[in-house]
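Okay, so here's the structure we're looking at.
The values are calculated or read from the model by the stated rules, or taken from the named source; none is laboratory data. Please read these numbers as outputs of a predicted model, since none were measured by experiment. We place every Cβ from the backbone using ideal geometry, glycine too, and count neighbours over all the protein chains shown.
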Amino acid sequence: MRALTWHGKHDVRVDTVDDPEILNPRDAIIKVTSTAICGSDLHLYDGYIPTMQAGDILGHEFMGEVVETGPKSTLKKGQRVVVPFTIACGSCYHCGKHQYSACDNANPADNQDIAQTLYGQPMSGLFGYSHMTGGYAGGQAEYVRVPFSDVGPIVIPDGIDDDKVLFLSDILPTGWQAAEFAQIEPGDTVAVWGCGPVGLFCVQSAFLMGAERVIAIDHFPRRLELAAKFGAETLNFEESKTYEALMQMTGGIGPDACIDAVGLEAHGLFVDNVWDQIKVSTFTGTDRTHSIRQAIIACRKGGRVSMPAVYGGFVDKFPLGAFMEKGLTLKTGQTHVQHYLPGLLAAIMEGKIDTTFLISHRMALSEAPEGYKIFHDHQNDVTKVVLKPGLDRVAA
Amino acid sequence: MADLRDDAPITTSKRSDRIIDATENLLEAKGHSLVGRSVTINRPRAELYAYWRDFTKLPSFMDNVERVDVVDDRTSHWVVKAPGGKTAEWDAVITEERPDELIAWASTEGADVPNSGRIDFRDAGDRGTVVTATILYDPPAGFIGKVIAKMFQREPAIQARRDLRRFKQLMETGEIATAARTHKQLKEEIA
């Protein structure tokens, strides 16, 4: 089959590799019909995530048709499914508590060593996201082996277009969970750093959860425009001073809840950012963290900070004093996708949540390297790239 | 000097002389390197004990064990992968056994890797069972052997940690997680 493989910083290629096979009883093989490039794939593209190996197949947002099932899979051939990016067994203590991204068993035993050393305990496996999270082949491919297929994939009713449901695989539940973690109360003002796909879903989710105002922060006009469409007030940090603006917009109180949907590649010319960049490039630090620092400083006393943004390692100059003195709450984590799927699918079917507005580019799988390049270089216009392996088949 | 002893497991001690205590209290001593590791498994104690007690099944989750032959009620013969494509072999005798609770063993004279240990099964309420492995062993050919073994990841401490994870996966999910994509890759992984 053809698959998008990682070979190093800014080097991804479409290669021919062996087709996946059923290896365990609960496996299924999915023929991919749609697969997206995620903002967090750009962290891999930019070489920020350790434990990548040349030839790794990327992609963790995908859906498709069931073409083969193991004896213990509950799926049936021909069903259309969206596959969560978090792989979870459904039988361990954490899965029992619906903490699917903390699954004990989905990360292969040998790979768990890396995360155990770095984080204290290993997390679940993820598709296409380095060997620390399992080394699983990802979804930017024609076919994918999906382990624990009786737990993860959600069956999509006929007649619902791929574009409407594809983002159930990651970014929609990620945005929703982030808003839920912000513990929004009616009347709240919520500030969202980053209007990429996750940030935009945070905006939608926050309003659905009763926020009175949402302030969306970014520097790409196109993305701020999309946030405004959902009713957010916009703050362009290249135009305005973020902290000062937030304080004035909230009558000197600060936002009740702050959501960092930017993560370890925060942009902008800030002193701490430049310092972080120097440290990253000299291997003396890892994560660039301007947005989370700013969120903590801006947040009102006793407020909530939610962090769907991806961080991988250690940070410098974390404003621990502000965090403690103001009595803030911070909630974060990889998304427990499986927990949110039924509710969010229903919300899509009822028309309460729209996800199709995001897709700016649809490309063939063979064009994936170009997709990465434009997503990376033109973040204003390229809001989301969806790869359609079927387009290659038509061309061939 | 004040007595700094605490309630932590003896296998986590920073002081090497405490290992001597371990050998006295826990095991019949067959070796000088001590490994301790616990895992909580969301299954009943009796089920886990029964699976483990059938030694012929152990290679299903112990990647470095080629096979275990049961000689009699108390004696088993172990064939284990060693660095460089070789194998190490020994006979092990059960030194203590309490159904659903404890299996302790020691290798007999002439073992390639002298070792002894115990597997404890303890109720963990809603969370299932805590399985604790305590293993005492002599690494092959002393220090150099240990370095080489570590390079090839046949180091008993690494193996014990991974084997317990695989045991948990097998008992909780009915399978052992793998990121392999094809049967060929899976075979190479286990080899």
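Select from the stretch A:301-354 the residues that are charged (D, E, K, R) and more than 23 Å from residue A:230 (Cβ to Cβ) and write down the one among them that is modelled with the lowest pLDDT.
Top of the filtered list is A:316.
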TODO: Tell me, please, whether a residue that is in a strand (DSSP E or B) and crowded, with 18+ Cβ neighbours inside 10 Å can be found in the stretch B:53-64.
DONE: no
- [ ] Only residues that are in a loop (DSSP other than H, G, I, E, B), farther than 16 Å from residue A:178 by Cβ and in contact with an Asp or Glu (Cβ under 7 Å, 6 or more places away or on another chain): list them for the stretch A:288-313, please.
- [x] A:289, A:300, A:312, A:313
Task: Scope the stretch A:14-35; condition farther than 26 Å from residue A:71 by Cβ, of a type outside the set (Ser, Thr, Tyr) and touching a helix residue (DSSP H, G or I) at 6+ places or on another chain (Cβ under 6 Å); matching residues - done: A:14
Open item on the list: Any residue in the stretch A:365-383 that is of a type in the set (S, T, N, Q) sitting within a Cβ distance under 6 Å of a residue that is surrounded by 15 or more Cβ atoms within 10 Å (Cβ to Cβ)? List the pairs, counting only those 6 or more apart or interchain.
Closed with: A:366/A:14; A:366/A:392; A:379/A:220; A:380/A:220; A:380/A:222; A:383/A:358; A:383/A:360
- [ ] Working only within the stretch A:183-216, note down all residues that are over 17 Å from the mean Cα position of the chain (by Cα) and in contact (Cβ under 8 Å) with a residue 60 or more places away in the chain.
- [x] A:183, A:184, A:185, A:188, A:189, A:190, A:191, A:208
Task: Residues located in the stretch A:213-242, provided they are modelled with pLDDT of 95 or more and over 20 Å from residue A:360 (Cβ atoms) - done: A:213, A:214, A:215, A:217, A:231, A:233, A:235
Task: Matching option when the condition is among the hydrophobic types (A, V, I, L, M, F, W, C), within 18 Å of the chain's Cα centre (by Cα) and more than 23 Å from residue A:11 (Cβ to Cβ), among A:337, A:385, A:315, A:310 - done: A:337
Open item on the list: I want to confirm something. Restricting to the stretch A:103-117 and keeping residues that are in contact with a His (Cβ under 8 Å, 6 or more places away or on another chain) and within 19 Å of residue A:138 (Cα to Cα), which single residue is farthest from the other protein chains (Cβ to nearest Cβ)?
Closed with: A:103
Open item on the list: Cβ-Cβ under 6 Å, sequence separation 6+ or interchain: first residue in the stretch B:173-189 and at the interface with chain A (Cβ under 7 Å from one of its Cβ atoms), partner crowded, with 21+ Cβ neighbours inside 10 Å and of a type in the set (Phe, Trp, Tyr). Which pairs?
Closed with: B:179/A:136
